[in-house]
Structure formats: C-alpha cells, structure tokens
Amino acid sequence: MIKLSQERTRRLIAVHGWSAVICGLFLYVVVLTGAVAVLVHEIGAWSVGGSKVAEPMAAPVDATLRELIETVPEAQREDVSLFGNAAGEIVAYFHTHQQNPASGNMEDFGTLMDIDPRSGEVLRSREDYGSEVFNAGPGDALDRFIVDLHVNLHLPEPWGLYATGILGLVMLVAAISGLLIHRHLIKDAFVAPRPTGALLEKKDRHVLAGTWGLVFGFVLAFTGSFFSFATALGLPLVAITAFGGDQVAALETLSGTPEASDPAPVPMANLDAIHARSAAEAGSVPQFTSVSHWGRADSQVLVFHAPSEGELTGTTNLFDGATGEFLGVKPSLGTVPSAGTVAFDLMGPLHFGHFAGLLSKIVWVCLGLAMCYVTITGLQLWLQRREEDPLWRRLASSVEVVAYGTPIGLAGAAHVFFLSYGRADTHYWVASGFIGFSLLTIALGLLLPRAALHRTLAGFLGALFVLLPFTRMLLGGTPWAEALAGGNGVVVAMDCVMVLSGVICCRVAAGLGWMPRFAALTPRAAT
C-alpha cells in the first residue's frame, strides 16, 4: 500500500474533508436521486398502476402507424420516433425540424401520440417542440422529475449539466483521496464497528461503507462526469480544437456522413418485419426506433436494443426504410467498430447498472445508498469535531435537513402525483409537491432543537413511505390482486419496498436502530 508522510496525509485529509463540506450536500442530492433513478422504469410502472403489456415495442405497429401518419400535417411526416413508456403504451412522435422561437435553436416539432398497443387506439395526443412535448404526459411526471433532478438539478441547460459534472469531479477527487488515506484497505473492509461510543461507531461505519464503495464511487463519478460534459462541453471543444469550430463536421466524423438526399416518394417497408429481423439479429426486443424520411427513397430506420442475455452493451441496427434491407450494425460512436466505441458503450451500463436486469439494478441502488451514507457521515464526522463553533453547529443542522429533506421531498412529490393524476397537471404538481415538502423540512430544521430534529424528520419520512401504497390505492391505483393477475408484480414489490423503508425510518425515529439486533445466546440463556 502507498506510504505517505504525516504532513502529506494531513493535507490529503484536509482536501478530503473540506471538499465534502463544500460540495457534500449537493453531491448527496445527486447521488441519492441517482440511486432512485436506477429504478426509474419500475417507479414509472408503479406510479401508473402497471404496464398494459410487458414489451409494447414487440406488438404489431406498422398498420397503426400508416393510419396515424395520414392524420398529422404533411410537414410533420418527415421523421417518426417510437418507444414504449412505463405504462406499456407505444409513444409515436411524428415530427419535422424547425427553429424554436423561444430558444432560437433548431428542434424537433410535431405531434406525439400515446397508443394502446393492444388496440391501436390513440389515448392522448399533443403537438409541441421536442423539448416540451415529452414533459406533458401525465403518467411520466414522477419518474421524469426524478431523472431531471439527478441529471441537471432542474437548472437551465447547460448550467445544470455543468453543475452535476463538477460534482462528479468532486466525487472523483474524494474517491481518489479516500483511496490514498485508507492505507489498510483489507483491514478497513472488515472493520467491526466499536459500540464503545457513538463517535467511534459512526467513524467505523463510515470507514466500512467507504472502503467497500471506493471502486463504485470512482466508476460512478467518472461515468457521471462524462455524461454531463460529453455533449454540453465535449463536442464543442472537439469541434473547436480539431475541426476549426465546425460542429457539423465533428458530428459527421462521430456519427457518419448523411446519405445523399433522394426525396422521391417510395412506399415504406413493413416496420413489423424490420422489428422482427432486428430482434433476431440483436437477441432482444427493440427499445427505440427512429425512422428518417418516412415514405422517401432515402428513408432509413435505426432500431435500438437493450443488451441481450450475457452481453453488457446494447445494439443499434440500421435498415433501408424503402426496401427493409438490413444494412448492418451501426456503431454508437464513429463509422466503424473501435476501442473508443467499446469504451463509449460501456459508460451507460456502468453508470445506470442495467447490464444484468433487475439484479444489477438492485446492487447499484444499494451501492448508491451506501455512498449517500458515506457522504452524510463524512460531513457529520467532520462537523462533530468542530461543534464548539456556533457556525459549524448551524451547518451540522443543515446536514440533517438535507439528508432527510431530499427523500421527504421525493416521497411528498409521489403523494402529490397520486393526488393530481388524472385530475390536474401532474408535472406542475409533482414539482410543487417536492418544493413544498422540502420547505416544510427546512421549517422544522429552523424551529426544532437539534436533539429532536433527527428523530422528528426520520419519523416524518417513515410515515410518508408507509402511507404511499394506501394513497396510491385509495386514489384509484391498481389493487394487488389485479396487478398480479395482469403480470404487474412490480406494483406489489414497490409497495412492499415503500412500507419496509417506512418501517426502517420509524425504527430510527424510535431510537431502535434501522434493524433489530439479536444478541448471541449465553450459556444461561441456552439452558
């Protein structure tokens, strides 16, 4: 292990601690929402009472699209995007490209339809720019709010991406400095928390969780920073340095030169046949389909797939839209397979944890929550050594408020979602619910003494969690029997997770610890 002088060790500890104090609270919000966002598909299905069908993109869609495309303005028939949402519906976006007067940027503009894959019925339809139309669906308000909070903290673009990217770099610094500080990694990985004092026990638990989470923290920070900076900063820098500021030339190098334009009208190939061939090639059901130049001789179809069994990365297949001919696998980066393509493709699975289905997602959630624990306990340990200073004492109370206030805000937003679903603008009320419950938590932090704050907030959070399944079902949510009969076990599972999380929080509020402790039997007790 690396040996450092006492002076260098002290400096590293200062960097490790102060970086956590300065950015730790924001970092905690990003990591916590990221851990929750790993299960965003499951949360979306739970919030709307389950999915109509397990794989909406596996359903026949060609005949339905041919009928619907005749109902939209001719200008919006240029491109079509297809994907399945959490409710098991097919979302079709018929669009063209034009300048958005509000932003001044070129954007997609068209009509988005939510389609029942069983009947082909259009459930909802709305027309808007791509930056707005996807924020109007009532059923995806909760999961989209969680993702946006994690990705950009709901700050305007590109500043939100810059903020989360910088926080990712701070987390990277903390992980590297933590690796250098923990000179006895094997010993620290199996340290037993000492019950001799609250401070020592908290320190041991921080070391234990931090040691096990070092590698994960490094991976999470690196991949998260990459996603934040890749498009917001990386592409413009590449264009400036390598292409003289020409972003079009940079994009053509990264994704290939567009085919020669041929606007001659040609009947579109059967999309169901394309999906079937693509699924056979990729070994998985399509997740997203993009059709460019519908009904033209130069039409192309891109079909995106999740990783097949035993694979880490997904596949993108390219088809001729006019003939249905399979043109091959399209690399996600560049025009031919390369080491850069492999590295780029690994970023998603390593960050989102979806490479092995639900099992890897659960592992990623647990590791993410462990990193949240490391962040909060690191702040508390640093502040506890300075609690004689009134300024640090006030900051210590803010740690409690943020640590509990963020999940309280998310749980409160979920309650408000169920209250507004089908009755009002869910996107507006979910955001308002998060802000309202967060402000309530801040008010409790200002009014309550610090000694009572921890248990009060833990009990409040526990009550919100326990009541969530009842709020969902009382306001028209799918009952358990109906959910199980329809193959939507995720609804029951998420309800159970909410109740279990609430019970744990209530135990913490009662001072019993997060789980029961079973003492070993003594000889007397055994007899």
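Read-outs throughout are calculated quantities, based only on the coordinates presented, and are distinct from any laboratory measurement. Being a predicted model, the structure only gives us computed values, none of them experimental. Note that we place each Cβ from the backbone using ideal geometry, even for glycine, and neighbour counts take in every protein chain shown.
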- Note on the structure: Per principal axis, largest first, the Cα atoms of region 357-500 extend in Å by 59, 35, 24
- Amide N proximity, region 137-161 versus Ser131 label position 7 Å along Cα-to-Cβ, cut-off under 15 Å: 154-161
- Task: Can you tell me the alpha carbon radius of gyration of region 12-127 divided by the globular rule-of-thumb value 2.2 N^0.38 Å?
- Result: 1.55
- Message: I need to check one value: relative contact order of region 389-527, counting alpha carbon pairs closer than 8 Å and at least 6 residues apart, in percent.
- Response: 24 percent
- Any residue on another chain or 5+ positions along whose placed amide H is under 5 Å from the amide H of Gln287 is listed here as Phe304, His305, Ala306
- Item | Net charge of neighbours whose Cβ lies under 14 Å from the Cβ of Met473, counting Lys and Arg as +1 and Asp and Glu as -1 | -1
- Two-decimal Rg/Rh of region 444-519 from alpha-carbon positions, Kirkwood Rh? 1.13
- Read phi for every residue in region 33-45 and hand back ³J(HN,Hα) as whole Hz from Karplus 6.51 cos²θ - 1.76 cosθ + 1.60, θ = phi - 60°, with x for Gly and Pro. 5, x, 4, 5, 5, 4, 9, 5, 5, 5, 5, x, 5
- Message: Taking a cut-off of 28 Å, what percent of all Cα-Cα pairs in region 48-192 are separated by more than that?
- Response: 41 percent
- Taking the Cβ of Asp108 as the centre, find all other residues whose Cβ is under 10 Å away and add up their charges (Lys, Arg: +1; Asp, Glu: -1). -4
- Amide H within-cut-off set for Arg296, under 5 Å, with H built and near neighbours excluded: Val266
- Item | Potential lengthening between Leu474 and Thr9 on full extension [0.36 nm per residue; Cα-Cα distance subtracted] | 161.7 nm
- Item | For Lys330, residues with placed amide H under 5 Å, excluding near neighbours | Thr316, Asn317, Leu318
- Task: Subtracting the Cα-Cα distance from 0.36 nm times the residue separation, let me have the gained length for Glu281 to Ile166 in nm, one decimal.
- Result: 37.5 nm
- For the Leu180, Arg386 Cβ pair and Förster radius 22 Å, calculated FRET efficiency rounded to 0.05 is 0.40
- Query: Hey, with R₀ at 60 Å, roughly what FRET efficiency would Leu359 and Asp262 work out to, going by the Cβ-Cβ distance, to 0.05?
  - Reply: 0.80
- Sparse-neighbourhood loop hits (GluC sites (Glu not before Pro), region 384-485; DSSP loop; Cβ within 10 Å at most 10 others) -> Glu388
- Note on the structure: Sequence order, region 491-496: Karplus ³J(HN,Hα) from phi using 6.51 cos²θ - 1.76 cosθ + 1.60, θ = phi - 60°, Hz rounded, Gly and Pro as x, gives 5, 5, 4, 5, 4, 5
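I'd like the FRET efficiency for Ala481 and Ala443, computed as 1/(1 + (r/R0)^6) with the beta carbon distance as r and R0 of 60 Å, rounded to 0.05.
The computed FRET efficiency comes out at 0.90.
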- Message: Tell me the net charge near Asn135. Cut-off is 11 Å between Cβ atoms, Asn135 excluded, with +1 for each Lys or Arg and -1 for each Asp or Glu.
- Response: -3
